[in-house]
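Below you'll find the structure, written out as structure tokens, and then a few comments.
The values are calculated or read from the model by the stated rules, or taken from the named source; none is laboratory data. Here the structure is a predicted model, which means the values were calculated and not measured. All Cβ positions, glycine included, derive from the backbone under ideal geometry; neighbour counts span all protein chains shown. Heads up: the accessible areas ignore ligands, DNA and RNA and are worked out on the full protein's heavy atoms, side chains in. Shrake-Rupley method; radii C 1.70, N 1.55, O 1.52, S 1.80 Å.
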Amino acid sequence: MSTTAVVERENFEELFEALRARGYESVGPTVRDSTIVYDHIETVADLPVGWTDIQEAGTYRLVRRKDEALFGYVIGPHSFKKYLFPPRHTLFTLEKTSEGVKLVDAGDPVPQYAFIGMRPCELAAMSIQDRVFGEGPFFDTEYLRRRQQVFVVAVNCVETGGTCFCTSMGTGPKALEGFDLSVTELLGDAGHRFLIEAGSPLGEEVLADLPHRAAESGEVADAERLLEQAEGAMGRSLDTGGIKELLVGNPEHPRWERVGEQCLTCTNCTMVCPTCFCATVEDTQSLDGATAERVRRWDSCFTTEFSYIHGGSLRPSAAARYRQWMTHKLASWIDQFGTSGCVGCGRCITWCPVGIDITKIAAAIRASEEKKHALA
Amino acid sequence: MVPRFMPVLDVWDDTDDTFTVELDPGPAGFSFRPGQFNMLYVFGLGEVPISISGDPATSGRLLHTIRGVGPVTSAMRDLAKGDLVGVRGPFGVPWPVGLASSRDVVFVAGGIGLAPLRPALYHVLNHREEYERVSLLYGVRSPHDLLFEDEVTEWRGRFDMAVRVTVDTADRKWRGSVGVVTKLIPRAPFDPHNAVAFICGPEIMMQFAAEELAKSGVRAGRIHLSMERNMKCGIGLCGHCQFGKDFICKDGPVFTYEALHSRLDVREV
Amino acid sequence: MLSPEEVLKEHPFFKGISDQHLEFLVSVARPLRIESNHFLFRQGSSADCFLVLHKGDMAIELHVGAQGARIIQTVNAGEVVGWSWLYPPHRWMYDGRALNTVDCLCLDGESVRKRMEEDHEFGYEVLRRFGEVIVEALNRTRLQLLDVYGTGD
């Protein structure tokens with residue numbers, strides 16, 4: 001779209017101003033409880049300045065960086081999903097009157113969000129949820145009314161984490177589309193700067209408000225080189241070739257039983273996943289029975305209640321629930337929405353308390369399949 | 001997600017544990033296709049998916065036949081005339097009654113599975129001349145549990161329809177068949193090469209019935225079954241009712257045996 | 001009324017059996033007509049034959065104390081009834097009651113057993129057919145045991 005601009009570190013604050021002036025509430029990364037979470041942020045100082053994260057299966061740790069990078073970490077347990085598809089929110093409130101039942105409140109008000117520091121994998125996750133909730137024949141109006149007014153400031157990944165595999169999933173480390181602004185952070189001798197590209201007319205407007213200059217070809221090349229390095233430095237990889245047939249064709253693979261023995265069915269993987277969309281509703285009423293409310297909250301296919309029909313749960317075993325989750329994510333999602341449900345962010349690996357690794361399970365099933373073919 | 005409220009016109013017992021709720025959809029009526037379901041909401045208590053069990057040609061009376069198995073369905077038994085019930089729907093893929101025209105139609109029902117089939121039966125009987133031979137094979141636990149008994153008796157008296165009922169267990173007062181419903185299939189009057197089957201009942205019963213029909217020569221693509229899963233939203237967004245790649249609520253509940261065959265044998269899908 | 005030969009020739013149970021074996025079966029068959037509500041056999045009585053139904057329906061019943069007679073299954077024309085004759089002590093396990101007028105052939109158990117011992121090929125043909133009937137009955141009974149129409153409580 002536009003040519004690349006450079007904004008110096010000392011002017012980056014102006015981004016917050018420009019968004020505020022347009023009525024946006026900025027949400028993005030900040031440090032809380034030794035973790036990088038997404039929350040309301042007002043200024044550059046709220047960002048995780050000088051922090052990075054070390055991630056492995058079942059491991060997450062924040063450590064100090066040697067520099068003052070604003071986006072020098074990978075990702076935390078939160079994803080921006082929580083702003084578009086809130087973990088818990090009221091769908092409606094009803095009241096009984098003499099004339100019948102009246103709609104009192106049609107749900108929570110919707111702020112106009114600017115997502116600061118959205119990683120390319122999360123941008124891909126959002127575009128997947130756009131399909132899930134917005135492709136029809138039925139639409140999730142709650143999601144869509146939040147989504148419509150989002151301003152996206154994507155930040156490309158010049159460093160990758162121990163559990164990342166976005167290259168395998170084709171979602172990173174550089175944001176290609178779907179953003180208003182895309183940022184690449186440059187550090188080093190030439191100074192702390194940000195390469196910024198606008199991806200929408202609104203993005204160009206906001207960029208115009210920031211003191212900036214055109215990028216030099218050397219700066220663009222530096223950024224490209226960093227992103228290329230990142231591409232080769234993923235902590236994990238996943239072979240997606242024929243993955244749908246592989247998983248759908250192996251529902252009785254012994255590996256499911258083994259992972260079922262490890263899995264605590266704690267639901268962490270589904271809670272941190274930026275694409276998981278399952279939800280349940282809770283209906284309640286006031287003590288006098290005059291008003292009733294319906295609340296929607298995130299649900300997880302790792303609970304037994306999830307598949308409950310009268311008589312019992314249809315997936316009592318942990319093995320079946322893990323298989324459901326992973327087969328849905330990597331295989332049936334393709335049938336349902338024309339895309340994989342995995343963006344390779346690695347959160348499910350990092351935040352699994354027993355370190356179950358989706359890439360390893362997929363590889364193990366593939367290996368035995370290949371062995372089967374070799375023997376045949 | 002906000003339901004439309006309709007007053008209860010009547011509630012009556014069909015069997016010891018099953019009852020029918022009749023709702024008044026108002027002057028505009030309520031059109032639906034046989035096999036579709038509604039999400040029914042009891043104020044403040046919860047919402048459950050229930051198949052529509054009435055005649056699609058009579059849109060002024062909306063019938064749901066319900067078995068009281070959970071808190072919401074049990075509360076529905078206590079509804080009285082004038083109470084309001086929230087309705088969202090109709091949802092789901094219907095029985096393909098059109099595809100069955102000029103063919104023999106075999107209905108195989110098990111237990112409360114007769115309720116979701118009844119609208120299709122009504123449709124076929126309302127358009128009887130469009131179909132060849134029609135049969136209803138119906139299995140229940142005991143003679144005591146027969147659903148829509150008067151109507152089944154009436155259908156049984158028709159000259160243009162074969163009705164066979166079998167029960168799992170009975171005492172000597174029962175003059176009919178005892179045994180599983182699949183046993184009725186080999187003796188039912190249909191030409192397997194020109195028949196369409198609609199099956200509804202417990203999953204395991206549907207699976208055996210579909211196998212028996214397939215064994216007799218009915219093509220798997222012409223055997224239709226109605227699946228049941230946990231449904232929360234009814235519109236394919238909440239994820240609960242997934243069965244492999246399908247959302248039962250929006251890609252079903254009616255599927256061909258051909259489409260489901262490979263999944264029905266896998267445990268805990 | 002059909003002759004025993006015609007009945008056996010047309011009956012699905014004996015489909016494909018050789019003429020020679022059929023001839024023997026005819027020689028040990030005795031036609032039987034039972035009116036509605038009469039018993040073809042009683043629980044505990046000597047099982048000296050098996051029945052080849054060609055008209056009517058019957059109920060296989062078991063007396064369950066205070067509950068009285070429970071119908072376990074019904075059997076229709078085109079099926080055979082009884083395998084108690086095959087193994088000692090050759091006693092009927094159930095009551096067999098006609099639900100309407102039943103026409104059947106009663107095939108003498110002792111003669112068939114003797115022939116099966118002497119001619120294993122014949123024995124195989126008979127046992128293979130009974131095996132299928134027994135497996136089917138077992139499968140159906142298992143399904144009935146599941147109480148699939150119950151509420152799962």
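Rounded, prolate or oblate: which fits segment A:7-73 when a ≥ b ≥ c are the square roots of the eigenvalues of the alpha-carbon gyration tensor, with rounded for a/c under 1.5 and prolate only if a/b beats b/c?
Working: a/c = 3.23, a/b = 1.72, b/c = 1.88.
Oblate, since a/c reaches 1.5 and b/c is not below a/b.
Globularity index of the protein assembly as shown is 1.21 (Cα radius of gyration / 2.2 N^0.38 Å, N = number of residues). Per the Kirkwood formula applied to alpha carbons, segment A:243-375 shows a radius of gyration over Rh ratio, Rg over Rh, of 1.06. Straight-line reach from residue B:215: which lysines have a Cα under 27 Å away, not including same-chain ones fewer than 8 places off? Those lysines meeting the cut-off are B:183, B:245, C:9, C:15, C:55. Dipole magnitude for the protein assembly as shown: about 1420 debye, using +1 per Lys or Arg Cβ and -1 per Asp or Glu Cβ, origin at the Cα centre. Over segment C:1-97, the alpha carbon radius of gyration divided by the compact-protein estimate 2.2 N^0.38 Å works out to 1.16. Simple rule: put +1 on each Lys or Arg Cβ and -1 on each Asp or Glu Cβ in the protein assembly as shown, find the dipole, and look at A:114, B:58, A:202; the Cα lying farthest toward the positive end is B:58. Taken over chain A, lysine pairs spaced eight or more positions apart, or on distinct chains, with alpha carbons under 27 Å apart number 19. Stokes-Einstein, applied to the Kirkwood radius of segment A:100-231 over Cα pairs at a viscosity of 1.306 mPa s and 10 °C, places its translational diffusion at 94 µm² s⁻¹. Using heavy atoms of the protein chains and a probe of 1.4 Å, the accessible area assigned to residue A:256 is about 10 Å². Based on the Kirkwood approach, the hydrodynamic radius assigned to segment C:18-153 is 16.1 Å, with every pair of different Cα atoms included.
Other chains' Cβ within 10 Å of B:41-51 residues: what's the mean? Walk me through the intermediate numbers first.
Values: counts 5, 3, 9, 12, 4, 6, 3, 1, 0, 0, 0.
The mean count of partner-chain Cβ atoms within 10 Å per residue comes to 4.
Residue C:94 sits among other residues whose Cβ lies under 11 Å from its own Cβ, and their net charge, with Lys and Arg +1 and Asp and Glu -1, is +2.
Over its Cα atoms, what ratio of radius of gyration to 2.2 N^0.38 Å does segment B:104-226 give?
Expressed relative to 2.2 N^0.38 Å, the Cα Rg reads 0.97.
With all pairs of different C-alpha atoms in the average, the Kirkwood value for the hydrodynamic radius of segment B:166-269 is 15.1 Å. Accessible surface buried at the B:A interface totals approximately 3300 Å², computed with a 1.4 Å probe on protein heavy atoms.
Rolling a 1.4 angstrom probe over the protein heavy atoms with all chains in place gives segment C:4-145 an accessible area of 52 Å² per residue. With contributions of -39500 (n - 2.57) from each DSSP H run of at least four residues, the per-residue ellipticity at 222 nm computed over the protein assembly as shown stands at -8000 deg cm²/dmol.
Highest-first packing order for the peptide set C:41-49, A:165-173, A:340-348 is A:340-348, A:165-173, C:41-49, based on the mean count of other beta carbon atoms within 10 Å. What is the log10 of I(q)/I(0) for segment B:1-70, computed with the Debye formula using one identical point scatterer on each Cα and no solvent, at q = 0.13, 0.14, 0.24 Å⁻¹? Calculated log10 I(q)/I(0) at the listed q: -0.36, -0.41, -1.25. Averaged over the residues of peptide A:305-316, the number of Cβ atoms from other protein chains lying within 10 Å of each residue's Cβ is 5.
Using unit Cβ charges (K, R positive; D, E negative) and no other charged atoms, how large, in debye to the nearest 20, is the dipole of segment C:30-153 about its Cα centre?
Details: 14 positive and 18 negative charges, 44 e Å.
For this selection, approximately 220 debye.
Work from the charge dipole of chain B (Cβ charges, +1 for Lys and Arg, -1 for Asp and Glu, about the Cα centre) and give the residue of B:143, B:109, B:82 farthest towards its positive end. Going by the Cα projections, it comes out as B:109. Here, segment A:23-161 yields an orientationally averaged convex hull projection of 11.3 nm² when only Cα atoms define the hull. Given in Å, the Rg to one decimal and the Dmax to the nearest whole number for the Cα atoms of chain A are 22.3, 75.
Here segment B:104-226 exposes an accessible surface that is 50 percent carbon and sulfur, computed with a 1.4 Å probe and the other protein chains kept in place.
Here the simple spin-label model places points 7 Å from the Cα toward Cβ, and for residue A:59 and residue A:262 these points are separated by 1.5 nm.
If you count, for each residue, the other Cβ atoms within 10 Å and average over each peptide, how do A:354-364, A:146-156 line up from highest to lowest?
A:146-156, A:354-364
The peptide list B:13-22, A:326-335, put in order of mean Cβ contacts within 10 Å with the highest first, becomes A:326-335, B:13-22. Chain B gives an Rg/Rh value of 0.95, both radii derived from C-alpha positions and Rh following Kirkwood. Residues of segment A:202-223 with an amide N closer than 19 Å to a point placed 7 Å from the Cα of residue A:149 along the Cα-to-Cβ direction: A:202-203, A:206.
Per residue of peptide C:137-147, the mean number of Cβ atoms on other chains within 10 Å of the residue Cβ is 4.
What is the sum of charges around residue C:1, taking Lys and Arg as +1, Asp and Glu as -1, for the other residues whose C-beta is under 9 Å from the C-beta of residue C:1?
Working: positive: C:33; negative: C:103.
In short, 0.
For the pair segment A:50-129 and segment B:191-265, the centres of their Cα atoms are 38 angstrom apart. Ordered from largest to smallest accessible area (heavy atoms of protein chains, 1.4 Å probe), the residues B:23, A:176, A:314, C:146 come out as A:176, C:146, A:314, B:23.
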